[in-house]
Each structure stands twice: as C-alpha cells, then as structure tokens.
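For reference, the structure discussed in these notes is given below.
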Amino acid sequence: MLYPELFKQLEAVRWNMEKDIPWDQFDAAKLTDEQAQTIKMNAITEWSALPATEMFLRDNQGDSDFSAFMSVWFFEEQKHSLVLMEYLRRFRPELAPTEEELHEVRFEFDPAPALETLMLHFCGEIRLNHWYRRASEWHTEPVIKKIYDTLSKDEARHGGAYLRYMKRAIQNAGNEARAAFTKVGVLMASARRTAQALHPTNLHVNQALFPRDTVQSRLPNPEWLEHWLDQQIKFDAVWEGKVVERILHNLSLLMDRSFKTVQELNRYRKEITREQAAAAPSAA
Ligand SMILES: [Fe+2]
Ligand SMILES: [Fe+2]
C-alpha cells in the first residue's frame, strides 16, 4: 500500500491557512480588478476536485489503496479552492464565488478507463504546477503571489503521488499500463499542436451534457481560461515546452527508456501496441 507513506509525506509538508499565508502583507494598490477576476475562476476550477473525486472513487472500486489516497488529494484540492476564496472574502468580497457557482461544476463524469484517467491527472498536475508558477509571476500583489506559489508546489507533489501509483500499475499490469500511459502522454504532450489547453478541467467528460460537459464550460465565464493563458499569464511556447519536458522526463524514468520528443514516445507506444497484439491469444 502506498497510502500510509504518501499520507505521512504530504502531512509533513502541509501548509497552514492561517500561519503560512502572509495575510497581513496585503497591498491593495497592487491588485487590479482584472487580476482579482482570475482568482475567482481559479477558485471555482479547484472546486471541481469534488466531481473528480466522485469519478475516481467510482472508477477505482477495486483499488482501496488509491481510493484512500483520494482523501488526501481531495482535501488538498478543496483547500486550494478555499484559500483563493478566503483571499477574495477578505480583499474583494464582491468577487467571492457563490455556492451556486461552485455547485455548477459538480456534474457526473462518464466512466473512463482508470489507468488513462490516472495519467491524465498526472499530466494535469504537472501542467497546473507550471500555470500557477506563471500566475505567481504575473500577479503583483504579494499575498496572492505567495498563494499561487504555495499551490504550485502542492500540484507538483500531487503529480509525484500519482507517479507512484503509475509505477505500481506498471508492476501490476505491465504493457496494459504502458499502453494507457503512452497513449495519454502523446496526447497531453502535444498541446502546442492543438488549439485548446489540455487540462482535465478542459476536456469533455459527459456525452449527454455536451457541450456543457467540461468544467471550464460551466464557469461564470467559460472563455476565461484561454484568455488567462494567452493574454494574462502569457503561457507561451517556452512554458509549454517545460510542461512537455517534464512529462517526457517522468515517462522516461517510468518506462526505463529515453524519450526526448513526443515522436519518440509515440514510436514506443506503437511498439507496446504491437507487443500486446502479439501476446494476445489469436482470434482464430
Ligand atoms: Fe489544486
Ligand atoms: Fe493538484
């Protein structure tokens, strides 16, 4: 079981909402309305850990270790939402999300293969770590800069925890896990070639609710994410490259093979698919 050790590790570095956020350093002159608005959207997006947890628990009923770890992940993600809301409550109360706005992102996700979802969220944590690092640089008000910096470190640790479960999946399921991770890895590391930001909150997850079946589409301003990335925090090709590099680096360690480009990863994915086909009992 990984849960006891992950619990201990995350407990040891856990920050305190009252003591570790320098609330008394708030500088009103350094927060624009435009910046405050983005904090609201991030607070609601973080709240979507709620439906994601419901999905994880439903799709991992055979895995009590991972399900137990969800308690830690869920707690920390809800805390991310809460600290952003606390910031708004103190300094821009008119922008604090309402309970209805939060509840709007709680909707059912269609069942999905557990290994692919795990990899999707691993990549999501890496991406969010980088987005929040950029957000911390973009913001000018010291308290919110510190909050985004704090959140970005949590997201990196979440990625690390998911990676432990991915390692375990390769030990248990071999090529089935490799195939799932490389498939999603190729997709998630190809963001530069797609128009839309590749994050779990930006993917369609319920066919019956289409097109309002992404977390982002259910925000008060569904267009904010692309604007935040392109115009505000300016998440450019250099930053995108860092995300891709982290995904490829971790997959290289995981698969014990070096992937310098998405193309190399894709070649390996095809290799695994061929091995799987060869190992499968003949249909004839
Ligand atoms: Fe988070
Ligand atoms: Fe996270």
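So if I check each of R92, R58, which one is away from ligand 1 (no atom under 16 Å from the Cβ), within 20 Å of K145 (Cβ to Cβ) and more than 17 Å from the chain's Cα centre (by Cα)? Talk me through it step by step, then tell me what you get.
Numbers: R58 fails: within 20 Å of K145 (Cβ to Cβ).
The conditions single out R92.
How do the pairs read when you match residues in region 42-54 that are free of Cβ contacts under 8 Å to residues at least 40 places away in the same chain and farther than 16 Å from S152 by Cα with residues anywhere that are more than 10 Å from ligand 1 (Cβ to nearest atom) and among the aliphatic types (A, V, I, L, M), using Cβ under 8 Å and keeping only pairs 6 or more apart or on different chains?
Qualifying pairs under 8 Å: T53/M70.
Residues that are within 30 Å of T140 (Cα to Cα): find the helices (runs of 4 or more DSSP H) completely inside region 211-279 holding 1 or more of those. Can you show your working first?
Numbers: elements: 224-227, 237-255, 262-279.
Ranges flagged: 224-227, 237-255.
Just wondering, is there one or more residues in region 22-29 that are surrounded by fewer than 18 Cβ atoms within 10 Å (Cβ to Cβ) and free of Cβ contacts under 8 Å to residues at least 40 places away in the same chain?
Keep residues of region 22-29 that are surrounded by fewer than 18 Cβ atoms within 10 Å (Cβ to Cβ), which gives 22-29.
Next, only the ones that are free of Cβ contacts under 8 Å to residues at least 40 places away in the same chain stay: 24, 29.
So far as region 22-29 goes, yes, one or more of its residues are surrounded by fewer than 18 Cβ atoms within 10 Å (Cβ to Cβ) and free of Cβ contacts under 8 Å to residues at least 40 places away in the same chain.
Within the group K8, K19, K40, which residue is in a helix (DSSP H, G or I), exposed (fewer than 14 other Cβ atoms within 10 Å of the Cβ) and at pLDDT 95 or above? Before you say what the answer is, go through the steps one by one.
Working: K19 fails: in a helix (DSSP H, G or I); K40 fails: exposed (fewer than 14 other Cβ atoms within 10 Å of the Cβ).
Going through K8, K19, K40 in turn, the sole match is K8.
As an exercise: evaluate P51 against (1) out of contact with any helix residue (DSSP H, G or I) (no Cβ under 9 Å at 6 or more places or on another chain); (2) of a type outside the set (S, T, N, Q); (3) within 19 Å of F26 (Cα to Cα) and give the number of the one condition it does not meet.
Of the numbered conditions (1) out of contact with any helix residue (DSSP H, G or I) (no Cβ under 9 Å at 6 or more places or on another chain); (2) of a type outside the set (S, T, N, Q); (3) within 19 Å of F26 (Cα to Cα), the odd one out for P51 is (3).
State which residue pairs qualify: first residue farther than 24 Å from I233 by Cβ and inside region 149-167, second residue within 11 Å of ligand 1 (Cβ to nearest atom) in any location, beta carbons under 7 Å apart, and separation of 6 or more residues or different chains.
Filtered contacts from region 149-167: no entries.
Select from region 258-277 the residues that are free of Cβ contacts under 8 Å to residues at least 40 places away in the same chain and under 14 Å from N175 (Cα atoms) and write down the one among them that is nearest to the chain's Cα centre (by Cα).
Result: K270.
Can you name the residue in region 55-64 that is closer than 20 Å to E76 by Cα and touching a residue at least 24 places away in the same chain (Cβ under 8 Å) and is also surrounded by the fewest Cβ atoms within 10 Å (Cβ to Cβ) among such residues? Explain how you work it out, then say what you get.
So the first thing to find is which residues in region 55-64 are closer than 20 Å to E76 by Cα, and the list is 55-58, 60, 64.
In the following step, the residues that additionally are touching a residue at least 24 places away in the same chain (Cβ under 8 Å) were identified as 55-56, 58, 60.
Numbers: M55: 20, F56: 22, R58: 14, N60: 18.
Looking at residues that are closer than 20 Å to E76 by Cα and touching a residue at least 24 places away in the same chain (Cβ under 8 Å), I get R58.
How about region 125-154: which of its residues are over 17 Å from M41 (Cα atoms) and either within 11 Å of ligand 1 (Cβ to nearest atom) or not in a helix (DSSP H, G or I) (or both)?
Within region 125-154, E125, T140, E141, T150, K153, D154 meet the criteria.
Restricting to region 168-185, count the residues that are without any contact (Cβ under 8 Å) to a residue 60 or more places away in the chain, part of a helix (DSSP H, G or I) and among the small types (G, A, S). If you could, list the steps in order and put the result at the bottom.
Within region 168-185, the first condition is being without any contact (Cβ under 8 Å) to a residue 60 or more places away in the chain, and the residues that meet it are 169, 171-174.
Checking which are part of a helix (DSSP H, G or I) leaves us with 169, 171-173.
When the remaining residues are screened for being among the small types (G, A, S), the result is 169, 173.
Number of matching residues: 2.
Yes or no: V105 closer than 25 Å to W15 by Cβ, in contact (Cβ under 8 Å) with a residue 60 or more places away in the chain, among the hydrophobic types (A, V, I, L, M, F, W, C) and in a helix (DSSP H, G or I)? Steps first, please.
Working: closer than 25 Å to W15 by Cβ: yes; in contact (Cβ under 8 Å) with a residue 60 or more places away in the chain: yes; among the hydrophobic types (A, V, I, L, M, F, W, C): yes; in a helix (DSSP H, G or I): no.
No.
So F69 passes all but one of these: (1) crowded, with 23+ Cβ neighbours inside 10 Å; (2) in contact with a Lys or Arg (Cβ under 8 Å, 6 or more places away or on another chain). Which condition number does it fail?
(2)
Go through region 139-156 and give me each residue that's surrounded by fewer than 16 Cβ atoms within 10 Å (Cβ to Cβ) and within 16 Å of ligand 2 (Cβ to nearest atom).
Going residue by residue through region 139-156, those that are surrounded by fewer than 16 Cβ atoms within 10 Å (Cβ to Cβ) are 140, 142, 149, 153.
If the condition is that a residue be surrounded by fewer than 16 Cβ atoms within 10 Å (Cβ to Cβ) and within 16 Å of ligand 2 (Cβ to nearest atom), then D149, K153 are the ones that fit.
For region 63-102, what are the residues that are more than 16 Å from ligand 2 (Cβ to nearest atom) and under 20 Å from L128 (Cα atoms)?
M85, Y87, L102, listed by residue number.
The values are calculated or read from the model by the stated rules, or taken from the named source; none is laboratory data. Source: prediction; values computed, not measured. We place every Cβ from the backbone using ideal geometry, glycine too, and count neighbours over all the protein chains shown.
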